[in-house]
1. Among the listed residues Ala126, Ala121, Ala114, Ala151, identify the single one that is touching a strand residue (DSSP E or B) at 6+ places or on another chain (Cβ under 6 Å) and open to solvent by less than 70 Å² (accessible area, probe 1.4 Å).
2. Report yes if some residue within the range 217-231 is under 28 Å from Phe173 (Cα atoms), open to solvent by less than 30 Å² (accessible area, probe 1.4 Å) and in a loop (DSSP other than H, G, I, E, B); otherwise report no.
3. Does the range 113-144 hold any residues that are part of a helix (DSSP H, G or I) and basic (Lys, Arg), and which are they?
4. Find all pairs meeting these conditions: Cβ atoms under 9 angstrom apart; at least six residues apart or on different chains; first residue within the range 77-94 and β-branched (Val, Ile, Thr); second residue open to solvent by less than 70 Å² (accessible area, probe 1.4 Å) and modelled with pLDDT of 80 or more.
5. Has the range 220-243 got at least one residue that is among the hydroxyl-bearing types (Ser, Thr, Tyr), farther than 22 Å from Glu149 by Cβ and at pLDDT 90 or above?
6. Any idea which residue in the range 136-145 is modelled with the highest pLDDT, counting only those that are touching a Pro at 6+ places or on another chain (Cβ under 9 Å) and open to solvent by 10 Å² or more (accessible area, probe 1.4 Å)?
7. Based on what the data block shows, is Arg210 within 30 Å of Ala34 (Cα to Cα), at pLDDT below 95 and within 26 Å of the chain's Cα centre (by Cα)?
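The values are calculated or read from the model by the stated rules, or taken from the named source; none is laboratory data. Given the structure is predicted, the values throughout are model-derived calculations rather than measurements. For neighbour counting, all protein chains shown are included, and Cβ atoms are generated from backbone atoms with ideal geometry for every residue, glycine included. The accessibility values were calculated without ligands, DNA or RNA, using every heavy atom of the protein model including side chains. Shrake-Rupley method; radii C 1.70, N 1.55, O 1.52, S 1.80 Å.
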Amino acid sequence: MRRALRLLTRSIPRLDRALLRNEGYLSPELKEYARRLVTRYDEAMTRLAAKGDQPVSSADYKLLSRTISELRPAVEMYEQLEKKQNELGELVNMVVEDNLMRNLVEEDKQRLLAELREIEAHVCQAITPRDSADSNSAILEVRAGTGGEEAALFTGDMLTAYQKLATRQHWIFEELHRSESEKGGIKEASVSVVGDGVFGMLKCECGVHRVQRVPQTDAFGRVHTSTMTVAVLPQPREIELQLNPVDLKVETFRSGGCANAVVLFCSFCVL
């Protein structure tokens, strides 16, 4: 069997041979990190489903739900990866004497190798630690740059594109401020985009955007270069804050004055 496996792997690239040995492209450290994510996901699911003596509070329920939604893509991809690796291991250990069946098994191995390469790339992307603000909503600011009126028109086109993206993603797109140019372009504008994962999707839009085109403002058909800038800021999440009266320190101050004066009985400052 070992000799047959050696003959089989001679015609397969080294990375594919690693997959046949179930090593894959993921390092042992990344695999261990992925398993820890699976364990966290299972613990969150178990705690969320707990009933009876240990009910989950509303704050813990929100935190567990957010953790599950963030870990679910990585867990599902890793489980799919393990399933494909098990299928590949069964094919490698299969002993086939018929030539036709041997060709079919070889085709299945190549198909699984290609699928494993694609799945492992998705797993690497899914287990990459996310920014803590990626799931927040965002404030989007656009400003016209170099190019005069054409830059303002380009800024308006970009803002319209972001609005269409928000509509497609079912986000809430609310305009906060707009400064228009003489010909209907936008000098600067700021909008609030509310939804799950808005900042994580839009944060890479930050920076300078450039366009080269024949503008509407040019009557001779010459190509102009215009720029605009985009800034994306995360919106803070609402938190529940509980103040214990025992932890508060209250101080009052009164004005000075003669005896029996009313100022002595009126607190004018409370901290």
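1. Working: Ala126 fails: touching a strand residue (DSSP E or B) at 6+ places or on another chain (Cβ under 6 Å); Ala121 fails: touching a strand residue (DSSP E or B) at 6+ places or on another chain (Cβ under 6 Å); Ala114 fails: touching a strand residue (DSSP E or B) at 6+ places or on another chain (Cβ under 6 Å).
After applying the criteria, what remains is Ala151.
2. No, the range 217-231 contains no residue that is under 28 Å from Phe173 (Cα atoms), open to solvent by less than 30 Å² (accessible area, probe 1.4 Å) and in a loop (DSSP other than H, G, I, E, B).
3. Residues of the range 113-144 part of a helix (DSSP H, G or I): 113-126.
Residue satisfying the conditions is Arg117 alone.
4. These pairs meet every condition: Val92/Lys109.
5. So in the range 220-243, the residues among the hydroxyl-bearing types (Ser, Thr, Tyr) come out as 225-227, 229.
Filter once more, keeping what is farther than 22 Å from Glu149 by Cβ: none.
Checked the range 220-243: no residue is among the hydroxyl-bearing types (Ser, Thr, Tyr), farther than 22 Å from Glu149 by Cβ and at pLDDT 90 or above.
6. First, pick out the residues of the range 136-145 that are touching a Pro at 6+ places or on another chain (Cβ under 9 Å): 136-139.
Filter once more, so that each one left must be open to solvent by 10 Å² or more (accessible area, probe 1.4 Å): 136-137, 139.
Working: Asn136: 87, Ser137: 91, Ile139: 94.
Going through the qualifying residues, I end up with Ile139.
7. On the way: within 30 Å of Ala34 (Cα to Cα): no; at pLDDT below 95: yes; within 26 Å of the chain's Cα centre (by Cα): yes.
So Arg210 fails the test.
Okay, residues lined up against (1) assigned to a helix (DSSP H, G or I); (2) touching an Asp or Glu at 6+ places or on another chain (Cβ under 7 Å); (3) open to solvent by 90 Å² or more (accessible area, probe 1.4 Å):
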{"site": "Met158", "(1), (2), (3)": "yes, no, no"}
{"site": "Tyr162", "(1), (2), (3)": "yes, no, no"}
{"site": "Arg178", "(1), (2), (3)": "no, no, yes"}
{"site": "Gly184", "(1), (2), (3)": "no, no, no"}
{"site": "Asp196", "(1), (2), (3)": "no, no, yes"}
{"site": "Gly200", "(1), (2), (3)": "yes, yes, no"}
{"site": "Cys204", "(1), (2), (3)": "yes, no, yes"}
{"site": "Arg210", "(1), (2), (3)": "no, no, yes"}
